[in-house]
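The block underneath contains the structure these notes are about, expressed in structure tokens.
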Amino acid sequence: MKICVIGAGDGGAIAANEIRRLNSDVQIDVFSQRVGLGCPPCPMPMVIGGAIATWEGLIHGFRQSSFWEKRNINVHLNTKVTGIVRQEKYIIAGGERYNYDKLILALGATPTIPPFPGLDGKNEYSLSTDMADGVALWNVVDKYNEAAIIGGGFIGLEIAQALKARGYSKICLLVRRGVLRAYLDEDVAEKLVDVIEQNGVELLLSAKIEGVDSSGKRK
């Protein structure tokens, strides 16, 4: 039996690992268009803030090539799947044809960049499960000492903490509806707001962004 898994993130890795645990003979091929295996976005702020010394410190478990080699799972990195032919049961990946008996789609998610007027891709960063996103931000952190963070979720708060640890003089956190509003009751969220402000982060609640203006090297 041949099984193809599109996506090498948490979903794809867990699926491939469980299949191997149940069947030692099945051929498993995992495809990802990313260059590396990446890491979850949540630990990335720890490297950016200096709590973890190197990016290599985030690479463990199924983020290591040895994990896949030990389980005899073929991982095809930097390989984009461009076609699925369901009637004949094969996919086109990296220009090659791969037949399958079962196909698993574990595509994950891509950060959504809101269409704010004025965005030009310069000094603008987002985090995903692609470690390259975190490294790109980490590479420029020392060049500046002020930042605006859009979003009051876990990653936004963790990045604010990381930048504060790196000595940033001004951090502005812009939140549309509420801090961790999907997880906290209103009274607990109010206490969290106090903690954020006590730690020197400027919090703008009910912040509706109407546009972004770039002036020289500043936004």
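Can you tell me which of 128, 66, 32 moves the most in a GNM of the chain? Springs connect C-alpha atoms under 10 Å apart.
Largest GNM mean-square fluctuation: 66.
Mind checking the full-extension length gain between residue 139 and residue 60? Use 0.36 nm per residue of separation minus the Cα-Cα distance, one decimal, nm.
On the way: separation 79, 0.36 × 79 = 28.44 nm, distance 2.21 nm.
My answer for the length gained is 26.2 nm.
Quote the charge dipole size of the range 72-134 about the Cα centre in Debye, to the nearest 20; the model charges only the Cβ of Lys and Arg (+1) and of Asp and Glu (-1).
Working: 6 positive and 7 negative charges, 60 e Å.
Its charge dipole is roughly 300 debye.
Size of the dipole of the range 2-105 about the Cα centre, Lys and Arg at +1 and Asp and Glu at -1 on the beta carbon, nothing else charged, in debye to 20? Don't jump to the answer; show the numbers that get you there.
Details: 12 positive and 9 negative charges, 30 e Å.
About 140 debye.
Two decimals is fine: what's Rg over Rh for the range 111-219, C-alpha atoms, Kirkwood radius as Rh? Please list the in-between numbers first.
Values: Rg = 14.1 Å, Rh = 14.9 Å.
Ratio of gyration radius to Kirkwood radius for the range 111-219: 0.95.
Run the dipole for the chain about the Cα centre, Lys and Arg Cβ at +1, Asp and Glu Cβ at -1, nothing else charged, and hand back the magnitude in debye, nearest 20.
Numbers: 25 positive and 25 negative charges, 115 e Å.
Once rounded to the nearest 20, the dipole reads 560 debye.
Can you compute the FRET efficiency between residue 69 and residue 154 using 1/(1 + (r/R0)^6), with r the Cβ-Cβ distance and R0 = 41 Å? Round to the nearest 0.05.
On the way: r = 33 Å, r/R0 = 0.80.
Once the sixth-power term is evaluated, E becomes 0.80.
For log10 I(q)/I(0) by the Debye sum over Cα atoms at q = 0.08, 0.10, 0.13, 0.14 Å⁻¹, one of (i) -0.39, -0.59, -0.87, -0.95; (ii) -0.29, -0.45, -0.75, -0.87; (iii) -0.34, -0.52, -0.82, -0.92 was computed from the structure I shared and the rest are decoys. Which label?
(i)
I need the trypsin sites (Lys or Arg not before Pro) found in the range 43-106, filtered to DSSP loop residues with at most 12 other beta carbons within 10 Å of theirs.
Values: sites: 63, 70, 71, 80, 86, 89, 97, 102; in loops: 71, 80, 86, 89.
In loop regions of the range 43-106 (DSSP not H, G, I, E or B), the sparsely surrounded trypsin sites (Lys or Arg not before Pro) are 86.
Compute a Gaussian network model of the chain, connecting alpha carbons closer than 10 Å, and tell me which residue from 179, 193, 75 fluctuates the most.
Top of the fluctuation ranking is 193.
Measure up 164/217; 170/217; 191/217; 122/164 against 26 Å on the Cα-Cα distance and list the ones that go over. Present the calculation step by step, with values, prior to reporting the outcome.
Working: 164/217 21 Å; 170/217 16 Å; 191/217 36 Å; 122/164 22 Å.
Too far apart for the 26 Å limit: 191/217.
Computed from the coordinates by the stated procedures, all read-outs in this text should not be read as laboratory data. On a predicted model such as this, the values are computed, not experimentally measured, just so you know. Ideal geometry is used to build each Cβ from the backbone, glycine not excepted, and the neighbour counts take in all protein chains shown.
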